[in-house]
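Data first, discussion second: the structure below is written as structure tokens.
The values are calculated or read from the model by the stated rules, or taken from the named source; none is laboratory data. Please read these numbers as outputs of a predicted model, since none were measured by experiment. We place every Cβ from the backbone using ideal geometry, glycine too, and count neighbours over all the protein chains shown. Accessible surface is based on the protein model in full, side chains and every heavy atom, while ligands, DNA and RNA are left aside. Shrake-Rupley method; radii C 1.70, N 1.55, O 1.52, S 1.80 Å.
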Amino acid sequence: MFKGNGTNCARIIPNSAVKFFSYEEASKQILYLYRQHSGNEDAQLTPVLRLGAGACAGIIAMSATYPMDMVRGRLTVQTEKSPRQYRGIFHALSTVLREEGPRALYKGWLPSVIGVVPYVGLNFAVYESLKDWLIKSKPFGLVEDSELGVMTRLACGAAAGTVGQTVAYPLDVIRRRMQMVGWKDAASVVTGDGKSKAPLEYTGMVDAFRKTVRYEGIGALYKGLVPNSVKVVPSIAIAFVTYELVKDVLGVELRISD
């Protein structure tokens, strides 16, 4: 139940740091350009512009930590009966480099980048837009002194995580499958045609989509959505709220939604 957890912990620290930093920097640059273009020095980011800033942050963070994500995927799916046994993060990295080459560490990168655009972009856009709407409309007595409580912010984060996760999930499934290509021991876990034990072979992202839908149906693109949501939705909510609270405690800059 905890296979690949060490790799995930090692990956999520730099990933989150790069993602939030990149979002703030992208937001500043996009807001500056927007104000210059509109001629309104008081203009604020629109949901679409926030989506763009979030997409930039997601692409940068995903690309910077992708090899760790790829290795995590393999550590997660290997079994005790698999001929190849990765003993840990560094053994998996070195083995993939030696047997499959450096490019193998970025297998599935394209669908990951395409998927991270709506995923991270919607996370930031929905979270901040919901907060702005609540503060301005003040429904149900949720706002006190122009501030939202922790539970309300957690709810905003959960809504953001749900939207982003659902939209981007099919691409995440394809990414995981493409990460297994070239690993000769993957046939016992997932197969190329969904039925036989033939070696897993995808020529690219489109081919992976086509074969998955053809042999397993549209529903296969959402396999594991529920358990993944149980993990991702509270994770996104806690990450946003913790980030803002820590910045409050440290007294550094403004929160991402200010």
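Computed from label points 7 Å out along Cα-Cβ, the spacing between Gln85 and Lys231 is 2.3 nm. Approximating the spin labels as points 7 Å out from Cα along Cα→Cβ, the Ser94-to-Glu201 distance works out to 3.3 nm. Computed about its Cα centre, the charge dipole of the chain is approximately 1320 debye, with only Lys, Arg, Asp and Glu carrying charge at their Cβ. Compute the distance in nm between two label points, each set 7 Å from the Cα along the Cα-to-Cβ direction, one at Val167 and one at Met151. Result: 2.9 nm between the two label points. Contact order for the chain, expressed relative to its length and based on alpha carbon pairs under 8 Å spaced 6+ residues apart, stands at 19 percent.
A simple charge model with +1 on the Cβ of Lys and Arg, -1 on the Cβ of Asp and Glu and nothing else charged puts the dipole of the range 1-104 at about 540 debye relative to its Cα centre. The share of Cα pairs per 5 Å bin across the chain, counted from zero up to the longest distance, runs 1, 6, 11, 16, 17, 15, 11, 8, 6, 4, 3, 1, 0 percent. By the combined test of axial Cα extent (at least 20 Å) and Kyte-Doolittle hydropathy (mean at least 0.0), the qualifying DSSP H helices of the chain come to 47-77, 109-137, 150-179, 225-250. Ranking Trp133, Trp109 by solvent-accessible area of protein heavy atoms (1.4 Å probe, all protein chains present), from largest to smallest, gives Trp133, Trp109.
Judged by the mean number of other Cβ atoms found within 10 Å, the most tightly packed of the peptides 45-51, 173-179 leads the ranking 173-179, 45-51.
Taking one quarter of the surface of the convex hull spanned by the alpha-carbon atoms of the range 1-104 gives a direction-averaged projected area of 8.5 nm².
With contributions of -39500 (n - 2.57) from each DSSP H run of at least four residues, the per-residue ellipticity at 222 nm computed over the chain stands at -24000 deg cm²/dmol. Taking the inverse of the mean 1/r over every pair of distinct Cα atoms in the range 48-110 gives a Kirkwood hydrodynamic radius of 13.2 Å.
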